Amino acid sequence: MDFRDSPDEAEFRARLRAWILENAPASLPVEEGARVRALNEWHRALYIAGLTALTFPVEYGGRGLPSVYDAILNDEIGAAGAPPPPAMAHLTNAIRLFGTEEQKQQHLPGMLSCEVHWCQGFSEPNAGSDLAGIRTRGALVDTSAGPAYRIDGQKIWTSEAVWASWCMLLLRTEHDAPAHKGLSMLLLPMDTPGVDCREIVTAYGTREFAEVFFDGALVPAANLLGAPGQGWAIAMQLLGYERGPADVGWVARLARTLTVLEEDVRSGRVTAGPVERRALAEAWVALRALQIHIQRTMSGRADGSTPGPEGSIDKLLVTEVEQLIGHVNLDLRGAAPIIQDGDDIAAYFWSRAQSIFGGTRQIQRNIVAQRVLGLPRG
Amino acid sequence: MDVSIRPDQQLLVDTASRLATALATTTTAGLPPAGDVSEAWRPLIETGFVGLHLPERVGGGAGSGVDVALVAQQLARSISTAPFLGQGVLGPGLLVAGGGDGDELAAVLAGERRVTVALDASLRGLARAGSAGVAFDAAGAHVALALDRRGAVVAVDLQDTPAHRSVDITRVLRAVDVPPDAAAIGPPLGPDSTARFEALALSVLAADLVGVMEGALDAAVAYVRDRVQFGVPVGSFQAVQHLAADAKVALEASRGSMWHAAWAADELDAADALLAARQAKAYCSSAARTVVETMVQMLGGIAITWEELAHVRVRRAMLDRVCFGDEHAQYDAIASARLGGS
């Protein structure tokens with residue numbers, strides 16, 4: 001056991017810290033379009049500096065570094081109060097693990113360089129926690145261009161769909177198979193005729209969600225990721241990464257909230273009496289517990305293993321810590337964020353979403369109880 | 001960075017686990033008030049666990065903070081009464097830090113002289129000369145170490161001191177008066193030595209809490225797998241499963257923080273080691289109360305009986321939490337360290 005950086009890790013951390021200081025935007029614009037563009041520029045800058053896809057294999061455009069580098073990236077970005085890194089490991093790893101060589105060559109470079117934006121079409125109005133209940137159908141048909149899937153149905157809560165040019169779509173293609181066995185994963189261009197994307201405004205006023213409607217959209221059968229009927233397995237693997245707090249940059253996001261709050265207390269911009277100081281210390285204790293837990297998770301992947309059901313422990317922990325920080329941040333800031341709606345309220349609503357998306361807190365608890373602790377299914 | 005148990009550490013865990021099983025408390029029948037806290041002392045000497053973390057030059061085991069924590073965790077998991085924390089780690093550690101001489105230490109490492117620490121009446125820190133204190137984990141111990149006004153280590157004889165009727169029936173607390181003029185055994189501890197000793201103490205207490213949590217969750221999960229109501233195991237109900245899942249999250253996050261603190265106790269400078277230890281002690285103290293209470297709820301009525309071991313785990317967690325400061329005490333110290341002021 002050694003928490004200290006190896007010489008290579010220490011050098012990377014030092015360079016990263018200096019680079020962030022030099023390059024990170026001090027704040028993001030308030031207006032949403034400008035904000036999305038600024039965030040994308042930040043992600044592009046990270047890519048150009050060689051600071052994204054750190055742990056992704058070299059042959060597909062990553063840096064091929066050990067998993068703990070993702071923990072280092074998140075720690076340093078969070079400590080600097082910089083915007084979070086791009087959330088993509090769930091999608092890129094799905095293509096890496098299940099794609100054909102051609103699909104990897106076609107898609108991974110654009111994803112890793114943050115030039116081609118993707119969304120993930122999983123949830124439906126009647127398939128949220130019960131994901132295997134999805135009804136969006138793909139019917140295999142012959143077209144002049146070869147075999148294709150004709151897609152009908154509806155997705156919802158599709159994050160970033162309005163800005164995405166591709167969608168990783170979970171749909172039902174094997175109509176005689178039982179629920180989990182009948183799903184497949186399809187790589188769908190969002191500009192396909194018959195795809196209609198309608199934005200949903202979030203509780204905090206942004207447009208990062210959408211409903212996506214499919215009305216006879218045709219997608220070549222060659223766009224299938226993995227084999228027909230393999231969709232559930234791919235989705236579970238993908239969710240393992242999506243639930244990993246360092247895989248998708250969540251821990252950097254919530255560390256940022258606490259870093260900024262602590263700085264405001266030190267400088268006197270936010271006043272804190274004994275009760276508030278204690279609350280702030282409790283939040284720091286929880287954040288450190290999360291960061292250390294993530295270092296442990298990432299060390300556990302040193303042998304190249306992929307996330308298992310233990311990832312749900314990480315998701316539950318990050319949720320708990322994020323919601324604690326969400327409360328402490330608002331408690332200490334008092335009237336200011338209530339009088340003037342802004343980032344603190346957005347961070348608060350985001351912290352509430354954390355226990356819903358990527359599998360609700362209740363689903364994560366089921367997984368931990370049944371698949372980690374071995375309790376019987378009801 | 002490699003946050004995992006190395007193979008040599010796993011060997012130590014295996015040894016400690018075997019010892020913990022041999023020294024496990026499996027029934028409340030032999031514990032106070034009916035029986036006495038078994039001293040279970042010789043096995044600690046035979047395995048080299050007394051003075052495990054002391055340097056080789058003084059005859060210690062040259063083990064790390066992590067080694068000591070892993071042993072403490074295993075012993076707590078089986079609710080062993082072996083006085084490892086007080087007489088294996090803290091007493092010998094403070095003796096060496098305070099400049100205890102070779103003969104005294106040799107007798108300690110041979111198991112003939114048994115030394116623990118005396119805490120002040122709040123249990124938040126070491127007892128001071130001229131005040132009443134509490135000898136911690138004192139079953140069979142000959143002396144307890146405290147500090148004089150200058151911060152030098154003094155020894156208080158435990159012979160004929162009264163035992164408290166402590167909440168934790170797996171460990172003995174004795175009432176001591178530290179004489180105002182007690183003779184120092186060496187020069188005053190410097191600020192670094194003091195911080196490093198406190199970091200080690202907080203880390204092993206955190207490890208004890210992790211062990212208690214682990215034993216509690218194992219017992220609760222085993223019970224709800226077997227206990228049938230409404231024709232099914234109660235562990236198949238989500239209401240019960242979610243209690244267990246939350247306890248598992250608390251346990252795993254505690255484990256990581258405890259590892260980090262135990263590692264930091266040796267590897268970071270004294271101030272950072274102490275901050276890491278405060279973080280772990282705060283997290284584990286808070287988590288442990290939740291986890292043992294969850295265990296009580298999962299076990300149901302039997303947890304409220306004397307016969308069942310559940311209350312013994314709750315009791316041990318209560319003492320661990322308070323010693324060297326519970327989470328609230330740690331939050332205050334952390335706020336001072338991180339935010340300045342007080």
- Query: How do the peptides B:192-199, B:95-102, B:178-185 rank, highest first, by the average count of neighbouring beta carbon atoms within 10 Å per residue?
  - Reply: B:192-199, B:95-102, B:178-185
- Item | chain A - Kirkwood radius from inverse mean 1/r over Cα pairs (Å) | 21.8 Å
- Item | Computed lengthening from B:Asp2 to B:Glu56, 0.36 nm per intervening residue step minus Cα-Cα distance | 16.9 nm
- Item | Within a Gaussian network of chain A (alpha carbon springs, distance under 10 Å), most fluctuating of A:Ile292, A:Ile72, A:Ile156 | A:Ile292
- lysines whose Cα lies under 27 Å from that of A:Lys104, excluding same-chain neighbours fewer than 8 positions away: A:Lys155, A:Lys181
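Using unit Cβ charges (K, R positive; D, E negative) and no other charged atoms, how large, in debye to the nearest 20, is the dipole of segment A:247-291 about its Cα centre?
Values: 7 positive and 6 negative charges, 13 e Å.
Computed charge dipole of segment A:247-291: roughly 60 debye.
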- Query: For the protein assembly as shown, what's the radius of gyration and Dmax over Cα atoms, in angstrom?
  - Reply: 28.3, 101
- Are there chymotrypsin sites (Phe, Trp or Tyr not before Pro) in segment A:134-166 that DSSP puts in a loop and that have at most 16 other Cβ atoms within 10 Å, and which ones? none
- Task: Evaluate the relative contact order of segment B:220-276 (contact order divided by residue number), counting alpha-carbon pairs under 8 angstrom at least 6 apart; express in whole percent.
- Result: 17 percent
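Once you average over the residues of A:251-262, how many Cβ atoms of partner chains fall within 10 Å of each Cβ? Display every interim value, and only then the final one.
Numbers: counts 0, 0, 0, 0, 0, 0, 0, 0, 0, 0, 0, 2.
Mean partner-chain Cβ count within 10 Å for A:251-262: 0.
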- Query: Considering chain B as a Gaussian network with a 10 Å cut-off on Cα pairs, which listed residue, B:His164, B:His311, B:His53, attains the greatest mean-square fluctuation?
  - Reply: B:His164
- Message: Helix A:343-353 against the longest principal axis of chain A: what's the angle in degrees, Cα atoms only, rounded to the nearest 10?
- Response: 50 degrees
- Rg/Rh ratio calculated on Cα atoms of chain B (Kirkwood radius): 0.97
- The long-range amide H neighbours of B:Val117, using H built 1.01 Å from N in the peptide plane and a cut-off of under 5 Å, are B:Gly91, B:Phe136, B:Leu145
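Using per-residue counts of other Cβ atoms within 10 Å, averaged over each peptide, order B:243-254, A:126-137, A:82-93 from highest down.
Details: B:243-254: 24.1, A:126-137: 16.5, A:82-93: 22.0.
Output ranking for B:243-254, A:126-137, A:82-93: B:243-254, A:82-93, A:126-137.
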- For segment B:41-72 and segment A:17-38, compute the distance between their C-alpha centroids and round to whole Å. 52 Å
- Message: Using each residue's phi in segment A:221-238, evaluate 6.51 cos²θ - 1.76 cosθ + 1.60 at θ = phi - 60° and report the 3J(HN,Hα) Karplus result to the nearest Hz, with x for Gly and Pro.
- Response: 4, 5, 7, 5, 9, x, 9, x, x, 8, x, 5, 4, 5, 4, 5, 5, 4
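For peptide A:360-372, how many partner chain Cβ atoms fall within 10 Å of a residue's Cβ, on average? Don't jump to the answer; show the numbers that get you there.
Numbers: counts 0, 3, 4, 0, 3, 9, 4, 2, 9, 15, 6, 0, 5.
So the per-residue partner count for this stretch is 5.
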- Query: When the Cα centres of segment B:118-148 and segment B:307-339 are compared, how far apart do they sit, in Å?
  - Reply: 18 Å
- Message: Under a crude label model (7 Å from the Cα following the beta-carbon direction), how far is A:Asp8 from B:Ala121 in nanometres?
- Response: 5.8 nm
- Message: How shielded is B:234-246 by partner chains, expressed as the average number of their Cβ atoms within 10 Å of its Cβ atoms?
- Response: 6
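Rounded to the nearest 20 Debye, what is the dipole magnitude of chain A about its Cα centre when Lys and Arg each give +1 and Asp and Glu each give -1 at the C-beta? The partial results should precede the final answer.
Working: 35 positive and 45 negative charges, 139 e Å.
Result for chain A is approximately 660 debye, rounded to the nearest 20.
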- Note on the structure: Under 5 Å from the placed amide H of A:Glu124, counting only residues 5+ away or on other chains, we find A:Ile156
- Query: How far apart, in nm, are the 7 Å Cα→Cβ label points at B:Arg18 and A:Arg269?
  - Reply: 5.9 nm
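Please report, ordered by residue number, every helix of chain B (full DSSP H runs) that is 20 Å or longer along its axis going by C-alpha atoms and whose mean Kyte-Doolittle hydropathy reaches -1.0. Provide the component values of the computation, followed by the final result.
Values: long enough: B:7-22 (23 Å, -0.08); B:191-226 (53 Å, 0.69); B:238-267 (43 Å, -0.12); B:270-299 (42 Å, 0.51).
Those that clear 20 Å and a mean of -1.0 are B:7-22, B:191-226, B:238-267, B:270-299.
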- Excluding residues on the same chain fewer than 8 positions from B:Lys248, give the aspartates and glutamates whose Cα lies under 15 Å from its Cα. A:Glu310, A:Asp314, A:Glu320, B:Glu214, B:Asp218, B:Glu293
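Helix-derived [θ] at 222 nm for chain A: sum -39500 (n - 2.57) over DSSP H runs of at least 4, divide by residue count, nearest 500? Let's see the in-between values first.
On the way: 12 runs with 170 residues, N = 378.
Taken over chain A, the calculation gives -14500 deg cm²/dmol.
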- Query: Which FRET efficiency, nearest 0.05, do B:Asp103 and B:Glu293 yield, Cβ-Cβ r, R0 51 Å?
  - Reply: 0.60
- Which chymotrypsin sites (Phe, Trp or Tyr not before Pro) from segment B:295-342 combine a DSSP loop assignment with at most 13 other Cβ atoms within 10 Å? B:Trp306
- Of the options A:Leu238, A:Pro274, A:Gln291, report the single residue whose Cα projects farthest towards the positive end of the charge dipole of segment A:232-305 (beta-carbon charges: Lys, Arg +1; Asp, Glu -1). A:Pro274
- Query: Taking Cα centroids, how far is segment A:324-349 from segment B:180-229 in Å?
  - Reply: 36 Å
- Query: What residues from segment A:183-198 fall in the zone where the backbone N is under 18 Å from a label point 7 Å along the Cα-to-C-beta line of A:Arg137?
  - Reply: A:183-186, A:194-195
- Please give the FRET efficiency for A:Arg352 paired with B:Thr27, using the beta carbon to beta carbon distance and R0 = 30 Å, rounded to the nearest 0.05. 0.05
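Each value in this text was obtained by applying a stated rule to the coordinates, not by laboratory testing. Quick caveat: nothing in here was measured; it's all calculated off a predicted structure. Backbone-built Cβ (ideal geometry, glycine too); neighbour counts: all protein chains shown.
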